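The values are calculated or read from the model by the stated rules, or taken from the named source; none is laboratory data. Bear in mind the structure is a predicted one, so any value in this text is a computation, not a measurement. Counting neighbours? That spans all protein chains shown, and the Cβs are built from the backbone with ideal geometry, glycine included. What goes into the accessible areas is simple: the full protein's heavy atoms, side chains included, and nothing from ligands, DNA or RNA. Shrake-Rupley method; radii C 1.70, N 1.55, O 1.52, S 1.80 Å.
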Amino acid sequence: MSRTFKLAVLPGDGIGPEVMAEALKVLDAVAAKSGLTFEYNHQLVGGAAIDAVGKALPPETVAACEASDAILFGSVGGPKWEKLPPNEQPERGALLPLRKHFGLFANLRPGICYPALTSSSPIRPDLVEGGFDVLCVRELTGGMYFGQPKSRTTLPDGDIEVIDTMVYKKSEIVRIAHVAFKAAQLRRKHVTSVDKANVLTNSVLWRETMVEVAKEYPDVTLAHLYVDNAAMQLIKAPRSFDVLVTENLFGDILSDEMAMIAGSLGMLASASLGKPKGDGLYFGLFEPSGGTAPDIAGMGIANPIAQILSVALLLRFALGLEKEAASIEAAVKKVIDDGLRTGDIFSNAPGTRKVNTKEIGEAVIAAL
């Protein structure tokens, strides 16, 4: 029997619409092969929404997301909107409110460096030989980004004082810990918790809680690293990591570092998950790890693989379609193994060929 799923599609700005188009073609190919039906509700978000209706996250977009099984997101932002008040800019005005509205507390970002792509990594070849596969689990709705109070005050002497507050509840740490440990059970059974417990009171509670939750997962090994050391070790020994779990600010920084050493942000997908629905699945927002790349927008040369792999994560975590998710991931690996490269991952290595956005999408569909 054919199954129908409703997806909110929010392409956003810059290269967002271009890479989203290829991802939807791949999803359509999966649907045709598997007897599934996907109903797309296309909505404006970010700068495109500001230009059209004056607001980065229109009520119609939120309503469409509420009526869907999952959100497939592109990317938002760009220099065009940087002069707007901070809270009205695309990132703060759209992405953060979406995370808050839907309680998307867990960000999963797989950092995969394919063996055939190690030449694209900026770090020493022997450190990434054979590739690596790291999963960064980032707490997404707490910490300094959302903590109160926040303020900017001109003091009596004319100086300016600004305040951002890092706030976490133990319950928030517990729930992200469970996500990390459960993910590790399906992988190599090792969790590295990243904190700054030698300085921050937040991190003391973070480490205590990780140790406590680890007792429920005796088959998983837990290690701890201070965030500065973790940043070094990701470069020195990326293959030593399995699952990395950390708070919002640290995760924002480390996951981008992880993406870069993997070769390109254009290769990395991400999933932002909310509360489990009871059947082991999650409502979530699925998006590439990279940005809008306005410098190449409209040129047809952007790498669509991160958006395509975001579709795979959506199928796995939101819809429970593991076979279909794995088929997309295998198809992407075949395309890479066959030597096709967009500009961001092209290195003139023997047996490789530089292609455009549509050609990558077509190759993934053919590989399916």
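Putting +1 on Lys and Arg Cβ atoms and -1 on Asp and Glu Cβ atoms, find which of Leu200, Val30, Asn348 reaches farthest to the positive end of the dipole of the chain.
Going by the Cα projections, it comes out as Val30.
Only helical DSSP H runs with n ≥ 4 go in: add -39500 (n - 2.57) per run for the chain, normalise by residue count and round the 222 nm mean residue ellipticity to 500 deg cm²/dmol.
Result for the chain: -11500 deg cm²/dmol, rounded to the nearest 500.
Ignoring any ligand, DNA or RNA, what whole percent of the accessible area of the range 279-355 comes from carbon and sulfur when the probe is 1.4 angstrom?
Carbon and sulfur: 55 percent of the exposed surface of the range 279-355.
Given a 1.4 Å probe and the protein chains all in place, what does the accessible area of His42 round to, in Å² to the nearest 10?
Surface accessible to solvent at His42 totals approximately 110 Å².
What FRET efficiency comes out for Glu216 versus Glu60 if R0 is 51 angstrom and r is the Cβ-Cβ distance? Round to the nearest 0.05.
0.75
Counting only protein heavy atoms and using a 1.4 Å probe, what share of the accessible area of the range 159-215 belongs to carbon plus sulfur, as a whole percent?
55 percent
For the range 233-297, what is the Kirkwood estimate of the hydrodynamic radius, computed as the reciprocal of the mean inverse distance between distinct Cα atoms, to one decimal in Å?
Hydrodynamic radius (Kirkwood, Cα pairs) of the range 233-297 is 13.9 Å.
Any idea of the accessible area per residue across the range 165-302, 1.4 Å probe, to the nearest Å²?
43 Å²
Which of Ile15, Ile160, Ile261 moves the most in a Gaussian network model of the chain with Cα springs under 10 Å?
Looking only at Ile15, Ile160, Ile261, the biggest GNM fluctuation is shown by Ile160.
Among Val243, Leu281, Ser327, whose Cα projects farthest towards the positive end of the dipole of the range 239-368, with charges put on the beta-carbon of Lys, Arg (+1) and Asp, Glu (-1)?
Ser327
What's the ranking of 141-149, 269-277 by average number of surrounding C-beta atoms within 10 Å, highest first?
269-277, 141-149
Expected output is a single nm value to one decimal: the length gained when fully extending between Gln148 and Asp228, i.e. 0.36 nm times separation in residues minus the C-alpha distance. What is it?
26.3 nm
Ordering Asp242, Asp295 by accessible area with a probe of 1.4 Å, largest first, what comes out?
In descending accessible area the options line up as Asp295, Asp242.
Pick out, in residue order, every one of the trypsin sites (Lys or Arg not before Pro) in the range 79-159 that is DSSP loop and has at most 14 other C-beta atoms within 10 Å; say none if there are none.
Lys83, Lys150
So, for the range 43-129, what is the accessible surface per residue at a probe of 1.4 Å, expressed in square angstrom?
45 Å²
Listed here are the pairs Lys25/Lys323; Lys236/Lys354; Lys182/Lys277; Lys215/Lys323; Lys182/Lys334; Lys182/Lys275; which of them are more than 21 Å apart at the Cα?
Check vs 21 Å cut-off fails for Lys236/Lys354; Lys215/Lys323; Lys182/Lys334.
From the phi angles alone, apply the Karplus equation (6.51, -1.76, 1.60; θ = phi - 60°) to the range 304-319 and give each ³J(HN,Hα) in whole Hz, x where the residue is Gly or Pro.
x, 5, 4, 5, 5, 5, 5, 4, 4, 5, 4, 4, 6, 8, 9, 10
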